[in-house]
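Here's the structure, in structure tokens; my notes come after.
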Amino acid sequence: MSVQLALSAALSGLRTTQQQAALASHNIANATTAGYVRRDLALSASFTGGQGSGVKVDAIARKVDELLIRDARHETSRYTGQEARASALADYALVLGQPQDERSVSTLLSKLQQAFSRLHDMPNDDAAQNAVVAQASSLVQGLNSAAEAARTVQTDARNRLQNSVDTVNGSLQRIGELNGAIASLDAKGGDTGDLRDERDRLLDTVSEEIGIRTYSRDDGQVVVMTRNGQTLLDGQLAPGETPLTIVGNDLMANGASLSANPETDIQTGRIMGYVQTATQDMPRAMAQLDQLAAGIVQRFQNAEADPTKPGLFTDAGAAYTTTAGLASRIAVDASVKTESWRVQSGVQAIARLPAGDQTQIETFSAVFTATGTFTATDMPASATLGGYATAMVSVQQGYRTTAESEMNARKISADTLQSARVNRDGVNIDDEMQKLLLIEQSYGASAQVVQVAGRMIDILLQIKG
């Protein structure tokens, strides 16, 4: 190898180690930057005239494990979806209470039955009569509050759904812009690492909101689809374009409803949790409450002389009309609030029954022991009012605990994969510091070669002179 080639090789080594030092410093500086992927120089031997002339930099390598990223995003998306749903179910269950809680409708119904039992022993006692009216009012308030809680949770889920849709649309708009920038810079041979990092962070954000699939085109642009294959982004979006929209109560993508079959069309992400809450969980909870309210209103109405007219419990002051929404409308007949003797003689009674007459009280008490039919989802088809109420509260608490258990399991899986992703693609400061030591040694060696080559050239010039 000639002195010239030695000098050329040494200079290429100096240039390369300078770039390596700069890149290692950049890695260390971004060790705690979320979503940053470690960079390495892709090097290869350089040749001149068939002879080795040092080293050259082919590219700045940003090596990631796409399969690991895919799995980490999917598990995180499953966790965020379950977290959103579990939180909503917990909010509703908190108001509904446990079967043994004082505020639960099952306890309130039991207390009303006990109040009638005491009234049976003291039919003409004003305090016993007022206690029945008070317990009936408490039961109504409990049903109204539970129905209001279900509506509030449903409304909150819809509001959060809109926020998630806005987040997805905004992120996709920016991802489209990055697609164009990456394709342009890639074509010029530029470093697209930072742009790809930002794009990956945005894809992580999108996947937390809704389950996605992605694949990259040859020009570096990424295509984003829902897990059922609806395209959300291919290239770039027009200004103001919104891949996801909410029309009425439906979540739409490309004109197709995703909320009709969320388990198939959405699958994961917060949007999945919000859709389930708004379209499945809370409507089911309200239907269960309405069935209980209907049973109470109808059975007490049937316990009166004229079963076509209002009884102790009414549908907003009138006789029973329809079950849907009844838990919000159920009320205690206004007449018993000023004339408590009617709980002993009958709400429709024209006059008081004789002192000590327990006939109507026994009829009212039979309401609690009679078995009726129910059609609400996941509820017993035949039960007493108390049995149904207890089952309803227990079922709702079961929904909550099941959702929370699954959420915790998903979190463990998501955290494990996310840690593996960080360890695989992130920056290890110890490794970078070791690299810097090797870079320093390599730089010193290349510099030494330059000095030696320089002295050799000086000697040759002296000899020639």
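Below is a table of values for the structure above.
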| item | result |
| --- | --- |
| Filter result (of a type in the set (D, E, K, R), open to solvent by 60 Å² or more (accessible area, probe 1.4 Å) and touching a residue at least 60 places away in the same chain (Cβ under 8 Å)) within segment 388-439 | Glu406, Lys411, Arg424, Lys435 |
| Helices (runs of 4 or more DSSP H) enclosed by segment 301-369 - at least 1 residues per element that are open to solvent by 60 Å² or more (accessible area, probe 1.4 Å) and over 19 Å from Ala127 (Cβ atoms) | 326-329, 334-338, 359-369 |
| Check on Leu258, buried (at least 23 other Cβ atoms within 10 Å of the Cβ) and touching a strand residue (DSSP E or B) at 6+ places or on another chain (Cβ under 6 Å) | yes |
| Conditions (1) within 30 Å of Val206 (Cα to Cα); (2) surrounded by fewer than 16 Cβ atoms within 10 Å (Cβ to Cβ); number of the one not met by Gln18 | (1) |
| Filter result (touching a residue at least 12 places away in the same chain (Cβ under 8 Å), open to solvent by 30 Å² or more (accessible area, probe 1.4 Å) and out of contact with any helix residue (DSSP H, G or I) (no Cβ under 7 Å at 6 or more places or on another chain)) within segment 53-69 | Asp58, Ala59, Lys63 |
| Segment 92-111, residues that are outside any helix (DSSP H, G or I) and over 27 Å from Thr155 (Cα atoms) | Gln100 |
| Check on Ala294, outside any loop (DSSP other than H, G, I, E, B), modelled with pLDDT of 95 or more and open to solvent by 30 Å² or more (accessible area, probe 1.4 Å) | no |
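One line per residue, one yes/no per condition, for (1) at pLDDT below 95; (2) of a type in the set (Phe, Trp, Tyr); (3) touching a strand residue (DSSP E or B) at 6+ places or on another chain (Cβ under 8 Å):
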{"residue": "Gln113", "(1), (2), (3)": "no, no, no"}
{"residue": "Arg118", "(1), (2), (3)": "no, no, no"}
{"residue": "Asn124", "(1), (2), (3)": "yes, no, no"}
{"residue": "Ser145", "(1), (2), (3)": "no, no, no"}
{"residue": "Leu161", "(1), (2), (3)": "no, no, yes"}
{"residue": "Thr167", "(1), (2), (3)": "no, no, no"}
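The values are calculated or read from the model by the stated rules, or taken from the named source; none is laboratory data. These figures come from a predicted structure and were not determined experimentally. Here the Cβ is made from the backbone with ideal geometry for all residues, glycine too, and neighbour counts use every protein chain on show. The protein model used for the area step is the full one, side chains on, heavy atoms only, and it has no ligands, DNA or RNA in it. Shrake-Rupley method; radii C 1.70, N 1.55, O 1.52, S 1.80 Å.
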